[in-house]
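Let me begin by presenting the structure, written as structure tokens, before commenting on it.
The values are calculated or read from the model by the stated rules, or taken from the named source; none is laboratory data. On a predicted model such as this, the values are computed, not experimentally measured, just so you know. All Cβ positions, glycine included, derive from the backbone under ideal geometry; neighbour counts span all protein chains shown. Surface accessibility is based on the protein's heavy atoms, side chains included, excluding ligands, DNA and RNA. Shrake-Rupley method; radii C 1.70, N 1.55, O 1.52, S 1.80 Å.
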Amino acid sequence: MRRFLAGTPALVGTAMMGGILLVAGCSSGGSSSSSAAGGTSTATGAASAPVTVRLGYLANITHAPALIAVKNGYFTKELGSAGTVKTSTFTSGTQETTAILAGQLDAAYVGPNPAINAWQKSNGTAIKIVSGVATGGASIVVKPTVSSAAQLKGQSLASPSLGNTQDVAVRYWLKQQGLTTSATGGGDVSIKPTSPNSAAVLEFKSGQIAGASEPSPYDVEMVQDGGKVLLSEPGVTTVLMVTQSFLNAHPAVVADLLKANLDALNYIKSNPAQAQADANDELAAYTGKPLSSKVIGPAFKEITFTDDPDASSLTQDAQQATSVGLLTSVNLNGIFDLTPLNSILTAADQPTVNAG
């Protein structure tokens with residue numbers, strides 16, 4: 001099911017956010033500023049002491065609800081006196097997984113494959129996916145002269161990082177077309193993990209690569225630089241995951257994070273033009289330059305922003321990663337905990353979501 005939380009648009013709060021870059025660089029460069037103090041997510045002293053939530057996300061349009069929640073102060077509004085959110089931006093979801101497993105994040109907006117990797121590497125003990133965020137909004141874009149996969153043999157394509165959602169998607173699609181890839185850049189088509197995403201756009205524009213598998217807005221930028229979409233990648237693009245330890249210790253705070261995410265989803269539906277502007281403003285805080293109007297509109301248009309995590313799509317992502325040798329077989333039973341989200345939706349008299 002692809003839908004939004006209906007109802008009265010969320011009130012815009014005061015702007016807050018951002019934090020320390022855990023990883024050098026981000027999807028669009030720069031860092032955000034935060035009103036949160038301290039660096040620990042576990043409250044000390046009284047049980048009601050404010051909690052600092054360490055939240056990661058990418059400066060991509062596929063993570064627009066996070067950008068909008070930051071810009072419009074939804075995290076501040078929903079957490080209230082319960083705590084504050086300290087954000088970190090990352091180049092890729094693969095790096096977010098590393099941070100989650102290293103105990104440096106409590107929650108993250110992330111692609112499905114990095115979430116699956118965190119689940120597998122921890123034997124199902126590290127994370128839970130608690131909400132959907134976005135589906136669609138990623139494409140394989142190639143030179144205009146390329147009309148089939150066969151023409152990519154011997155060429156190079158970029159992806160955000162080894163094992164991330166777009167990386168798995170392009171490798172699997174090439175395999176379906178009879179072309180091989182390898183984790184080290186070998187095979188019929190060389191896949192080059194390229195960071196930040198904007199570097200892949202520049203390499204494509206200069207002719208260094210034949211194309212790339214990229215999320216929005218970078219796929220849109222490549223099209224506007226003369227590229228053509230060879231494949232629009234279907235399925236879930238972004239989910240919200242939290243660590244199991246944080247969920248167990250602070251369920252009410254996780255519920256507040258979910259409410260802020262729903263505020264942003266509702267705002268995108270109710271005020272699409274302003275939502276685009278707000279997300280673009282937040283992106284500009286990282287890059288120093290907003291996206292052009294010819295990019296931001298198409299970037300939003302190719303994405304469905306939804307709280308439904310599209311569980312069947314996640315299963316397909318895991319199967320595809322296994323098929324291309326980037327993941328060993330994994331049992332995803334238990335990766336979702338949608339109870340907090342569904343409690344909020346039920347209270348709002350909205351349809352609930354399910355884990356497949």
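Can you tell me which residue within the range 89-105, out of those that are within 12 Å of the chain's Cα centre (by Cα) and open to solvent by less than 40 Å² (accessible area, probe 1.4 Å), is farthest from residue 128 (Cα to Cα)?
At the first step, the residues of the range 89-105 found to be within 12 Å of the chain's Cα centre (by Cα) are 89-97.
Now drop any that are not open to solvent by less than 40 Å² (accessible area, probe 1.4 Å), which leaves 89-93, 96-97.
Details: 89: 20, 90: 20, 91: 22, 92: 19, 93: 15, 96: 14, 97: 12 Å.
The qualifying residue farthest from residue 128 (Cα to Cα) is 91.
If the requirement is being open to solvent by less than 60 Å² (accessible area, probe 1.4 Å), modelled with pLDDT of 95 or more and on the phi > 0 side of the Ramachandran plot, which of these qualifies: 132, 154, 207, 186? Don't jump to the end; show me each part of the working.
Values: 132 fails: on the phi > 0 side of the Ramachandran plot; 154 fails: open to solvent by less than 60 Å² (accessible area, probe 1.4 Å); 186 fails: on the phi > 0 side of the Ramachandran plot.
Result of the check over 132, 154, 207, 186: 207.
If you take the residues in the range 271-286 that are small (Gly, Ala, Ser) and within 13 Å of residue 65 (Cβ to Cβ), which one is surrounded by the fewest Cβ atoms within 10 Å (Cβ to Cβ)? Give the derivation first.
Of the range 271-286, the ones small (Gly, Ala, Ser) are 273, 275, 277, 279, 284-285.
Add one more test, that the residue is within 13 Å of residue 65 (Cβ to Cβ), and what stays is 275, 279.
Working: 275: 24, 279: 29.
Per the stated criteria, the residue is 275.
Go through the residues of the range 230-241 one by one and say whether even a single one is open to solvent by less than 60 Å² (accessible area, probe 1.4 Å) and assigned to a helix (DSSP H, G or I). Show your work before the answer.
Of all residues in the range 230-241, those open to solvent by less than 60 Å² (accessible area, probe 1.4 Å) come to 230-231, 233, 235-241.
From the residues that got through so far, the ones that are assigned to a helix (DSSP H, G or I) too are none.
No, that holds for no residue.
Just to be sure I understand the filter: pairs with C-beta atoms under 9 Å, separated by 6 or more residues or on different chains, first member in the range 222-236 and free of Cβ contacts under 8 Å to residues at least 40 places away in the same chain, second member open to solvent by 40 Å² or more (accessible area, probe 1.4 Å). Which pairs pass?
225/205
Go through the range 244-258 and count every residue that is part of a helix (DSSP H, G or I), touching a residue at least 12 places away in the same chain (Cβ under 8 Å) and more than 15 Å from residue 108 (Cα to Cα). First the steps, then the outcome.
Here is the first cut: in the range 244-258, the residues part of a helix (DSSP H, G or I) are 244-249, 251-258.
Right, trim to touching a residue at least 12 places away in the same chain (Cβ under 8 Å) and you get 244, 246-247, 249, 251-258.
Going one step further and asking which of them are more than 15 Å from residue 108 (Cα to Cα), we end up with 249, 251-252.
Qualifying residue count, the range 244-258: 3.
What residue, among those in the range 306-348 that are hydroxyl-bearing (Ser, Thr, Tyr) and open to solvent by less than 20 Å² (accessible area, probe 1.4 Å), is farthest from residue 132 (Cα to Cα)? Spell out how you get there, then give the answer.
Initial filter on the range 306-348 (hydroxyl-bearing (Ser, Thr, Tyr)): 306, 312-313, 315, 322-323, 328-329, 339, 343, 346.
Subset that is open to solvent by less than 20 Å² (accessible area, probe 1.4 Å): 306, 313.
On the way: 306: 6, 313: 11 Å.
Of everything passing the filter in the range 306-348, 313 is farthest from residue 132 (Cα to Cα).
Answer with yes or no whether residue 161 is open to solvent by less than 60 Å² (accessible area, probe 1.4 Å), of a type in the set (S, T, N, Q) and in contact with a Leu (Cβ under 8 Å, 6 or more places away or on another chain).
Values: open to solvent by less than 60 Å² (accessible area, probe 1.4 Å): yes; of a type in the set (S, T, N, Q): yes; in contact with a Leu (Cβ under 8 Å, 6 or more places away or on another chain): no.
Here the answer is no, as residue 161 does not meet what is asked.
For residue 116, are the conditions met, namely being open to solvent by less than 10 Å² (accessible area, probe 1.4 Å), closer than 26 Å to residue 262 by Cα and not aromatic (Phe, Trp, Tyr)? Reasoning before the result, please.
Working: open to solvent by less than 10 Å² (accessible area, probe 1.4 Å): yes; closer than 26 Å to residue 262 by Cα: yes; not aromatic (Phe, Trp, Tyr): yes.
Taking the combined requirement at face value, the residue satisfies it.
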